[in-house]
1. Being more than 9 Å from TYR92 (Cβ to Cβ) and open to solvent by less than 20 Å² (accessible area, probe 1.4 Å) is the filter here, so list the residues in the range 106-119 that pass it.
2. Looking at ILE270 and the list (1) under 22 Å from ARG42 (Cα atoms); (2) open to solvent by 20 Å² or more (accessible area, probe 1.4 Å), which single condition is not satisfied?
3. Looking at (1) open to solvent by less than 10 Å² (accessible area, probe 1.4 Å); (2) in contact with a Pro (Cβ under 7 Å, 6 or more places away or on another chain); (3) under 22 Å from VAL102 (Cβ atoms), can you tell me which one ALA147 breaks?
4. Answer with yes or no whether ASP82 is open to solvent by 40 Å² or more (accessible area, probe 1.4 Å) and among the charged types (D, E, K, R).
5. Given the residues VAL249, VAL280, which is the only one that is within 13 Å of ligand 1 (Cβ to nearest atom) and surrounded by 20 or more Cβ atoms within 10 Å (Cβ to Cβ)?
6. When you scan the range 197-210, do you find a residue that is of a type in the set (Ser, Thr, Tyr) and either surrounded by fewer than 20 Cβ atoms within 10 Å (Cβ to Cβ) or more than 24 Å from GLY312 (Cα to Cα) (or both), even just one?
7. So, ASP275, is that one within 16 Å of ligand 1 (Cβ to nearest atom) and of a type in the set (Asp, Glu) or not?
8. I'd like to know if the range 197-211 contains one or more residues that are part of a helix (DSSP H, G or I) and in contact (Cβ under 8 Å) with a residue 24 or more places away in the chain.
Amino acid sequence: MSRAVALGVPLAACALVCALMASTVEAADDEPVDDAATPPSRIVIAHRGASGYLPEHTLPAYALAHGMGADYIEPDLVLTKDGHLICLHDIYLQATTNVDQVFPDRARDDGRWYAADFTLEEIRQLQAEERLGSRFPKGRSRFAVPAFTEMIELVQGLNDQTGRTVGIYPELKAPEWHRAQGLPMEEELLAVLGRYGYLERGAPVFVQSFEAESLKRLRALGSELRQVFLMAEVAQYLAFLSAEGIGGVAEFADGIGPAKTMLERQPELIGWAHDAGLTVHPYTFRADQVPGRYDSHEAELRRYLFDLGVDGVFTDFPDRARAVVDEP
Ligand code: G3P
Ligand code: CA
């Protein structure tokens with residue numbers, strides 16, 4: 001589906017049409033349903049939903065990602081003051097909501113509105129907005145900040161309706177900071193996942209974090225779910241950028257999620273990870289931010305997926321990555 005078509009019809013209808021298209025194609029081909037026991041060899045992870053088309057971390061963006069054929073859908077997670085996990089990239093609210101208009105007096109002294117200072121009921125009064133000015137126009141339509149439970153129920157409902165098993169790929173944002181606020185995240189994450197049936201190692205879920213201690217804590221709490229250790233191009237990850245360092249990650253994770261530029265600079269990371277039994281899912285592929293050295297978004301995707309040999313990609317444009325992954 002083209003960007004123009006996707007934006008030219010009501011959002012809910014578009015998401016539903018996309019979901020039905022995907023299920024129809026699958027039914028017509030009479031292919032087996034993907035599940036965690038037979039994972040696709042390379043996976044498409046919808047980064048913040050289909051966030052290239054709709055405001056990030058909204059239910060319409062997640063629904064569109066499902067319809068566009070994502071294998072997994074990513075919610076970033078933070079906690080509210082009353083302990084609910086919500087889908088939000090930042091620990092702050094002002095970049096992607098109208099919190100400054102609804103609660104003008106609730107910023108901290110640093111001028112930021114923290115999600116951890118608001119109850120879920122208060123968060124529900126906010127409108128979610130696209131972060132980037134070049135994407136979905138601000139002020140058009142109405143979007144909300146979803147609770148994690150609402151995201152899961154949407155994905156599981158669409159799975160039931162389409163016969164496809166799309167997984168979830170939640171990221172705990174700033175777990176150490178949350179713990180210092182008196183809001184431990186790991187226990188609540190496992191409680192919610194358990195309530196919705198994500199318990200076994202083969203469940204269609206990857207839990208991700210930039211903080212190794214958080215992933216270790218999840219293991220200590222008894223989680224068998226697959227875990228991915230995120231890495232960025234900053235000093236704290238230097239110790240992991242060797243065969244030995246990557247090997248150590250296997251003690252608390254099942255995969256790595258590096259910034260894609262780390263793999264351009266040091267492609268041997270992929271082989272070291274694979275040798276350690278780790279999958280490699282780089283972030284973030286964006287059709288509207290293609291690095292100049294590539295002729296097209298698809299050329300960049302092919303380089304990582306087929307030349308470098310990664311196991312999946314985080315993408316804001318899951319339809320485009322789906323098409324490349326499925327190339328004969
Ligand atoms: O989780 C993978 C990727 O999303 C990490 O970066 O900042 O987009 O959450 P960020
Ligand atoms: Ca993320």
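1. ALA116, PHE118
2. With (1) under 22 Å from ARG42 (Cα atoms); (2) open to solvent by 20 Å² or more (accessible area, probe 1.4 Å) applied to ILE270, the lone miss is (2).
3. (2)
4. Values: open to solvent by 40 Å² or more (accessible area, probe 1.4 Å): yes; among the charged types (D, E, K, R): yes.
Spelling it out, ASP82 is indeed open to solvent by 40 Å² or more (accessible area, probe 1.4 Å) and among the charged types (D, E, K, R).
5. VAL280
6. Keep residues of the range 197-210 that are of a type in the set (Ser, Thr, Tyr), which gives 198, 209.
Then drop every residue that is not either surrounded by fewer than 20 Cβ atoms within 10 Å (Cβ to Cβ) or more than 24 Å from GLY312 (Cα to Cα) (or both), which leaves none.
No: the range 197-210 contains no residue that is of a type in the set (Ser, Thr, Tyr) and either surrounded by fewer than 20 Cβ atoms within 10 Å (Cβ to Cβ) or more than 24 Å from GLY312 (Cα to Cα) (or both).
7. no
8. No: zero hits.
The values are calculated or read from the model by the stated rules, or taken from the named source; none is laboratory data. Since we're looking at a predicted model, the values are computed, not measured. Neighbour counts run over all protein chains shown; Cβ positions are idealised from the backbone, glycine included. Keep in mind that these areas ignore ligands, DNA and RNA; they rest on the heavy atoms of the full protein, side chains included. Shrake-Rupley method; radii C 1.70, N 1.55, O 1.52, S 1.80 Å.
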